[in-house]
Amino acid sequence: MKARSTRGAIGVSWWSRRFLEVLESFALGTRLTRGRAYARRGQVLRLDVLPGRVEATVQGSRAAPYRVTIELPPFPAALWEKVERKLAAQAFFSARLLAGDLPAELEQVFADAGAPLFPGGLRELTQRCNCPDAAVPCKHLAATFYLLAEAFDADPFELLHWRGRSRAVLLDRLRALRADATAPSDRDGAEVAPAPAGARPAAASSDARPAAASSDARPATASSGAQPATVPDVGTGCAGAAGALRVLAGLPATPLAEAVDRFWLPPVPLPDRPPTLATGPELLLRQIGAPSPAIGGPGLLERLRRAYRAFGDA
């Protein structure tokens with residue numbers, strides 16, 4: 001496994017750079033420089049990311065490669081549930097994660113939940129290498145750190161997997177929480193089953209009938225003694241309403257003449273600048289993750305990435 005970067009800094013995404021900034025802030029000197037050279041020469045033979053543990057095999061100066069492990073305690077299930085609820089509460093986070101991206105604001109979400117996403121010091125990491133070098137990290141461990149950062153570049157969910165949540169479990173949880181948050185419910189909070197296709201919505205009372213139900217219905221006029229037209233109270237009889245009706249539910253009935261000037265205004269304030277979701281040509285690669293070694297592994301992923309970029313430019 002060779003680092004994709006042949007010179008300069010390793011890591012291109014904010015999360016991989018953030019991870020390496022933490023590592024490089026520990027002032028490890030030439031060990032990191034030699035580890036970076038090992039990573040670029042392809043001396044890391046294998047790299048596996050597991051919950052709370054990274055395992056690697058690194059070829060050193062001896063015939064037999066060295067075994068490397070880097071451990072970081074995964075977050076407990078209760079803390080993950082807290083983070084997932086925070087993420088699911090905002091469609092922006094769910095959309096970015098489902099698109100295979102990690103928004104920069106994610107680090108603050110974890111910090112607010114009392115779970116810093118990145119290690120704050122060497123003491124949080126348990127590092128082992130069976131080489132004779134007593135330094136920690138040795139160059140074999142440093143090489144593993146750099147390849148790990150590039151693994152985070154290729155699949156950002158590997159970082160979250162290391163902290164205890166796999167891609168599949170996290171996205172399934174977000175989908176379930178979002179579905180629960182948007183499920184229609186009646187005023188008592190009970191779930192309301194969707195009406196069969198073609199069924200008419202129930203009226204508020206047995207003798208109530210929508211004005212437009214009859215084909216020969218005529219508009220009410222003042223001379224006929226009818227009441228002035230009003231904006232209906234959509235909260236009545238609309239327990240299963242969706243979309244805009246759910247936003248309007250519960251607003252009081254207002255005479256139409258008094259509401260005409262506000263007809264095109266939103267009933268609730270809109271954000272000044274709604275968040276946007278920008279995706280690049282690598283969206284599919286981020287969603288499916290790295291291919292298995294049997295079909296090319298990270299090398300195939302990098303070739304596909306270059307091809308997708310070329311297609312996007314064209």
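Structure data summary
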item: Normalised convex hull volume, the stretch 14-181, alpha-carbon set, Å³ per residue; result: 106 Å³
item: Positive-end residue, the stretch 14-84 charge dipole about Cα centroid, Cβ charges, pick of Ala77, Val49, Gly35; result: Gly35
item: Estimated dipole of the stretch 29-143 in Debye, rounded to 20 [Cβ of Lys and Arg +1, of Asp and Glu -1, Cα centre]; result: 680 debye
item: Relative contact order of the stretch 14-181, pairs being alpha-carbon contacts under 8 Å that are 6 or more residues apart, as %; result: 35 percent
item: Arg123, Arg178 arranged by Cβ crowding within 10 Å, fewest neighbours leading; result: Arg123, Arg178
item: Least to most buried among Lys82, Lys139 (fewest other Cβ within 10 Å first); result: Lys82, Lys139
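Since every read-out is calculated from the coordinates, none of them should be taken as a lab result. Just so it is clear, the model here is predicted, and its values are computed rather than measured. Neighbour counts are summed over all protein chains in view; Cβ atoms, including those assigned to glycine, are modelled from backbone coordinates with ideal geometry.
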